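One structure below.
No lab work stands behind these numbers, since they all come straight from the coordinates. Being a predicted model, the structure only gives us computed values, none of them experimental. Cβ atoms come from the backbone with ideal geometry, glycine included; neighbour counts cover every protein chain shown.
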Amino acid sequence: MNDGPLIVQSDKTLLLEVDHERADECRKAIAPFAELERAPEHVHTYRVTPLALWNARAAGHDAEQVVDALIGFSRYPVPHALLVDVAETMSRYGRLRLEKHPSHGLVLTSTDRAVLEEVLRSKKVQPLLGERIGPDSVAVHPSERGNIKQLLLKLGWPAEDLAGYVDGEHHPVDLDEDGWALRPYQKEAADAFWHGGSGVVVLPCGAGKTIVGAAAIAHAKATTLILVTNTVSAHQWKQELIKRTSLTADEIGEYTGTKKEIRPVTIATYQVMTTRRQGVYRHLELFDARDWGLVIYDEVHLLPAPIFRMTADLQARRRIGLTATLIREDGREGDVFSLIGPKRYDAPWKEMESQGWIAPADCVEVRVTLTDEERLAYAMADSDERYRFCSTTPSKTRVTEALVGRHAGEQVLVIGQYIDQLDELGEHLDAPVIKGETRVKERERLFQAFRDKEIQVLVVSKVANFSIDLPEASIAIQVSGTFGSRQEEAQRLGRVLRPKADGGGARFYSIVSRDTVDQDFAAHRQRFLAEQGYAYRIVDADDVGEENPAR
Amino acid sequence: MSTEFTEWLRGRTDEQLRALVTARPELITPVPAHIEGLASRAGTPSAIGRALDRLDRFTLAVLETLTLQPGPVTRTALRSLLSKATAGTAGRKQLDEALGTAVERLRDTGLAFGRDNALRPAPGVAEALDPPAGLGPLAADVFRHHSPEELETLLGDIGAPESPGSPRERLTELLGDPAAVGRLLDEVSPQARAALDELAWGPPSGRLPNARREVRAATAQSPIEELLARGLLGATGEESVALPREVGLFLREGRVHRDLSPAPPELEGATRDQALADRTAAGQAFTLVRTVEELCERWSVDPPGVLRTGGLAIRDLKRTAQLLDLPEWAAGLVVEIAFAAGLIAAGGSVDEEWLPTAAYDGWRVKSADDQWVLLASAWAGMDRVPGLIGERDDRDRPLNALHPDLRRPPAAQVRTQTLSVLASTPLGLAPSAASVLARLAWERPRRRGAYRDRLAEFTLREAEQIGLTGLGVMSDHGRGLVRGDGTAAGLLAPLLPEPVDHVLLQADLTAVAPGPLTSDLGRWIALAADVESKGGATVYRFGEHSIRRALDSGHSADDLLAILERHSTTPVPQPLRYLITDVARRHGRIRVGTASAYVRCDDPSVLDEVIADKRSALLRLRRLAPTVLASKTSRATLLDSLRAMGYAPVAESLEGDLLVSRAESRRTEGPPVARTPGPSGPEPDVAAAAVRAMRAGDEAHRKRRRPSRGQDGQVPRSSSTTTIHALQEAIRQGSRVWIGYLDAQGHATSRILEPARMEGGYLTAYDETRAAVHRFALHRITGIADVS
């Protein structure tokens, strides 16, 4: 009997006992082929999925290494069926390859003729292919490079893309490491991406993904297209790039709802790219406007479906995806894998936190008991109104006020879903409210004021979920959310995770109505936090006053 | 009936007879009365067929060679015959040893008899082996249906010397002479020679339209006609020709078999670390045990229905496969194993359902290693073929899991054999499927066939799934299981996770048991939390629902916390503590009970009165509110009793029925698990007793034996074995017999026949009384006698 730290479950999850002396060694060994699913305090759960195994293959690991790691660290015998499955799944990657042929252009080649025949028989694959060149290779229409990769992944035979990239238009860019330096993991991430060609870098919120993007541009030294979620985020990318690289403001263009600049480095929003008039995407020409050498996708997990389709046509360009999580609530992880690329770098949140790169957070769920009248009203509400009702109950406003009062003197963000609730909170707390209709100028003014500590409390709607940089927010109070979205929880937590100037911890409050659907959804989100390794507590609203804020 | 064989048997020592009946258990079911009975039973086609089926390729070849010889053969002669076939594969010494073993084995099993200087096949063997070694029929048989005139012409054409005897005898004699056959072969064209060579080692017969055509050596048109005209080929039917055995043997240049190896083919394959293979197999074994347990647990709550034709619906199998996270074939295997082990069976009161049996409850509390041994031996012994699930039968109906049609009589035997081949591999060898099949084919050549190969392939795949083999290598515990000496569980146990008595509690409301839990804790935690992931460890998740379940079963929140604190190696996380108290806070706020009737009265004082009345004690009234009483008695009784007490109640209608919750899990009685006999045959004491009984019976039998004689003009009645032997003898000699026969109307008739062949319970013979070839049912033949 081994005394390893790992227990292999029959459902292909791996349980890693973190307090074990060989846990670190084991984590390193299994990280390439298993996705960290949950990281609570004692036992971490990794999952071995086909995508994870193919990611490992793409990173140059073979089945033997995987099997060795499993057997070597496992405490109990590893079921044979699982080992066979691992080997079988891994062997599927790379049987098919996309390569460049001197005379035929893009070709699909295979080391296993049977596999090639199998995929050639697929009705969906046939239209993407040209003539058969030899027994083991067939021409592919260059424009279908992305589509065929997507299809082959669906068929279970992911292709290895060795067709290379165009260099794009050269443009000199260097990192300007003056007064700051790339953190080791940022450098590793950028290097890993560059050596892999294309792919996704997974870093927690607040870990400096923008800087990884900047480092990637510096590697490419070519014109770059950056796709971000919204206008605020676009501004921040621009500022960050000016600050961190040799690029000047003139070299960076913004392609948003208001401005349509195309410069050597252009930042566009998803929204603009997906705007349609009369069923036609109006801004597709941006992709062809320049000979881009690099495309950066910010927040890959939010990438909308049309962008995937457009990305399918960009397979000859280098692509880097940046994200905090590969979990997509629409389950399109496979498209990320086939169109943007395999995962190239991944660092667990908790580790970054222990290294001091992101602030430790303390999560507290505050349970509010509804008054009797509220309970009656809740019981009578229509089922589709219930969630709104319980998440905007007036009791929450009272608790929020109490909390803000407790943390007077600290920078507090109040985040919510429903505008009228936020307006009411803004009134009660005497704080400005940022919502969808707030103009960009006004938003930036308020953000700046918050940064400068002129404003201490800011009420924001879900528009602030993404990519705003609020370095000094140490308290976040979530009053309502989009049902049980895990992704949103990660983003909101990210608001307070950025390192604080004073090195102090952050606190994340969720206010939840007891015995309602709000509580059920909260349980879902809280589970996500606990799985990410954040210890959370549940307190009753009545206890908020007595609690010692110093804790 | 060969008396020599009977005498030889009688001369065997008791020990040798015991060996005989142990090797051929069918000879003593039931025990024959005497040695003669034993001899005749040993000579029946079915008994010989079974014994031959057990022979390996070399031993079978020895027996075939033996049957081809006209009379008794010495062992030396036999060796020189065989050495031609084994020239390429084995040296003289190896052949000698192998031959010694083979002859000994044939004698032990009563398939050959006589001393080394006069070996003979046992009676019935030659017929059972016909045609031996892929040779054609004897010339006498090939030309049996040719008219004397035809043969006369043929003999003339080939210039046969004049000699006495019928034309057929003359031709037979000629073909038996190698020099003559050689001469005839020299006459034919090279094409004809090539065709003959084809027939010599291939199937010795072929189809030919108009086979009975008239051909003359001088006017032969084609190579085949050349051969037909010379008697080197003979027409055996309207459209078939065959190569006479004598010609075949000549063409084979004295060899009976083309190439023969006295040793079984080597098993080939990759070599792996045995310890690793053991661990891998153990991991799989543990998974199997857990999977079966999960299956039974699920089915006990939500059992699938039994199809009208028996079996499990395809849809239910798919659902089960999904539930167990297994491919369908593996799910089918698990279901079948659970069924074979008697853990599930069809039952239920209204519609038949597949439910766990009471035996499951016994199995569940055993240790994992014992559980596995039970499952694995049930699998090894079952005569059902889970591998066929999902395929279609001969009539194109789907084969369902648990369906009676999944039975295949040879399944258990093939499985046992395949496992013993695996068990004979050297440590660490993972034999390739092809080499296992080749070995099986060598060991049981008469049982070879695509069908059996499939069964063997299923066995290999399933052995891996069950955890008998790991990485293709037979595991230590697997060998133990095949040996059947009870060591399997002991070998497996140290490889399995040991039970633990603690869990790790985490803030995401999970509990991880880093190994199988001790049964008390396991049961408790299964109540208070839901299983999320299984394997070496178990992950449980606490939720409102599961905590409520624990509270429902009578635990209090303090109980729960106390148990958690006692069994957790880590402090109980605050959210879990909060969850438990929060659920407990709301638990039981609303109370629900059953009552069959109620009493309502606006005046509480009247109800006070009712309760105070002693007669109301029998009504089991309970006061729910000042103006409401609930009662367990029926409304009618309540009405009657209250009237008897002097009140004037009226009945009130009530909408809705009271729901009675269903029992959580159900069980059924399964049929007793059939124990298939192991490959070793009858127990030694049974064999010994059988031999003793036969010896005793034999003595008595010989003392009172008198020749039995029938009445004049009537065919004497004879026993069926005697009849069969006499018929076999007549077929061999081509002689005529007189039989008594019950015709289809039941009239006793007697016929004079020239028997041609006997198969499938029927005798085909030329009936002289009616001048036609007929088929006769063997069981209607009442007696037999020589025509003289």
Label model pair B:V606, A:R183: point-to-point distance (7 angstrom along the Cα→beta-carbon line) in nm is 8.0 nm
Charge tally for neighbours of B:S46 with beta carbon under 13 Å away, counting Lys, Arg as +1 and Asp, Glu as -1, is -1
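What average count of beta carbons from other chains do you get within 10 Å of the Cβ of residues in A:513-526?
The mean count of partner-chain Cβ atoms within 10 Å per residue comes to 1.
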In whole angstrom, the spacing between the Cα centers of the range A:425-459 and the range B:551-606 equals 47 Å
Dipole check, the protein assembly as shown, charges on Cβ (K,R +1; D,E -1), about Cα centroid: among B:H747, B:L496, B:Q465 the Cα furthest to the positive pole belongs to B:H747
Rounded to one decimal in nm, the spacing of the 7 Å Cα→Cβ label points at A:D382 and B:T219 is 10.4 nm
Compactness summary of the range A:139-257: radius of gyration and Dmax from Cα atoms, Å, are 16.5, 51
antiparallel share of DSSP beta bridges within chain B, to nearest 5, in %, is 95 percent
Between the Cα axis of helix B:450-466 and the main Cα principal axis of chain B, the angle (0 to 90°, nearest 10) is 30 degrees
Taking R0 as 25 Å and r as the Cβ-Cβ distance between A:H170 and A:R451, the FRET efficiency 1/(1 + (r/R0)^6), rounded to the nearest 0.05, comes to 0.10
Ratio for the protein assembly as shown, C-alpha Rg to 2.2 N^0.38 Å, reads 1.29
Taking the dipole of chain B about the Cα centre (Lys, Arg +1; Asp, Glu -1; charges at Cβ), the one of B:T510, B:L638, B:A411 that reaches farthest to the positive side is B:L638
Placing each pseudo-label 7 Å from Cα in the direction of the beta carbon, A:T482 and B:T570 end up separated by a distance in nanometres of 3.1 nm
Nearest 10, in degrees from 0 to 90: the angle of helix B:411-423 to the longest Cα principal axis of chain B is 90 degrees
PRE zone check, label point 7 Å out along Cα-to-Cβ of B:S166, amide N under 20 Å, scope the range B:750-782, hits B:751-758, B:764-775
Rounded to a whole number, the mean other protein chain Cβ count within 10 angstrom for residues of B:511-522 is 2
The helix B:635-644 Cα axis meets the longest alpha-carbon principal axis of chain B at an angle in degrees, between 0 and 90 and rounded to 10, of 40 degrees
Calculated from DSSP helices alone, with each H run of at least 4 adding -39500 (n - 2.57) and the total divided by the residues of chain A, [θ]222 nm to the nearest 500 comes to -11000 deg cm²/dmol
Relative contact order of chain A (C-alpha contacts under 8 Å, at least 6 apart) in percent is 14 percent
Whole-Å distance linking the alpha carbon centroid of the range B:92-140 with that of the range A:71-101 is 53 Å
FRET efficiency (B:E187, A:D85; Cβ distance; R0 56 Å; to 0.05) is 0.25
Magnitude of the Cβ-charge dipole (Lys and Arg +1, Asp and Glu -1) of the range B:269-495 about the Cα centre, nearest 20 debye, reported as 840 debye
Distance in Å, no decimals, from the C-alpha centre of the range B:275-340 to the one of the range B:7-84 is 45 Å
Counting only DSSP beta bridges fully inside the protein assembly as shown, the antiparallel percentage to nearest 5 is 60 percent
Expected sort for A:526-535, B:766-775 on mean C-beta neighbours within 10 Å, highest first, is A:526-535, B:766-775
Note to self, chain B gives a 222 nm [θ] from helices alone (DSSP H runs n ≥ 4, -39500 (n - 2.57) apiece, / all residues, nearest 500) of -14000 deg cm²/dmol
In terms of the alpha carbon gyration tensor, root eigenvalues a ≥ b ≥ c, rounded if a/c is under 1.5 and otherwise prolate when a/b exceeds b/c or oblate, the range B:337-395 is oblate
Zone reached by a paramagnetic label modelled 7 Å from B:S750 Cα along Cα→Cβ, restricted to the range B:768-788 with backbone N below 11 Å, covers B:783-788
For A:A268, the residues 5 or more places away or on another chain with a placed amide H closer than 5 Å to its own amide H are A:I226, A:L227, A:V228, A:Y255
Ranked output for segments A:118-124, A:175-181, B:201-207 by mean other Cβ atoms within 10 Å, highest leading, reads B:201-207, A:118-124, A:175-181
For A:V295, the net charge from surrounding residues (Cβ-Cβ under 9 Å; K, R +1; D, E -1) works out to +3
With the charge dipole of chain A built from beta-carbon charges (+1 for Lys and Arg, -1 for Asp and Glu) about the Cα centre, the Cα from A:Y534, A:A220, A:Y345 projecting farthest to the positive end belongs to A:A220
With Rh as the Kirkwood radius over Cα pairs, the range A:216-266 has Rg/Rh of 0.93
Under the Karplus relation with 6.51, -1.76 and 1.60 and θ = phi - 60°, whole-Hz ³J(HN,Hα) for the range B:593-608, x at Gly and Pro, equal x, 10, 9, 9, 7, 9, 10, 10, 8, 6, 9, x, 5, 5, 5, 3
The size of the Cβ-based charge dipole (Lys, Arg +1; Asp, Glu -1) of the range A:6-92 about the Cα centre, to the nearest 20 debye, is 200 debye
Volume per residue (Å³) of the convex hull spanned by the alpha carbons of the range B:143-302 is 247 Å³
Scoring only Lys, Arg, Asp and Glu (+1, +1, -1, -1) among other residues with Cβ under 13 Å from the Cβ of B:I781 yields +2
One point scatterer per Cα, no solvent, Debye formula: log10 I(q)/I(0) for chain B at q = 0.04, 0.05 Å⁻¹ comes out as -0.32, -0.46
Averaged over the residues of A:3-9, the number of partner chain Cβ atoms within 10 Å of each residue's own Cβ comes to 4
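Where nothing but the Cβ of Lys and Arg (+1) and of Asp and Glu (-1) is charged, how large is the charge dipole of the range A:98-161 around its Cα centre, in debye to the nearest 20?
Values: 9 positive and 9 negative charges, 54 e Å.
About 260 debye.
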Here the gain from full extension of B:A689 to B:D552, 0.36 nm per residue of separation minus their alpha-carbon distance, amounts to 43.1 nm
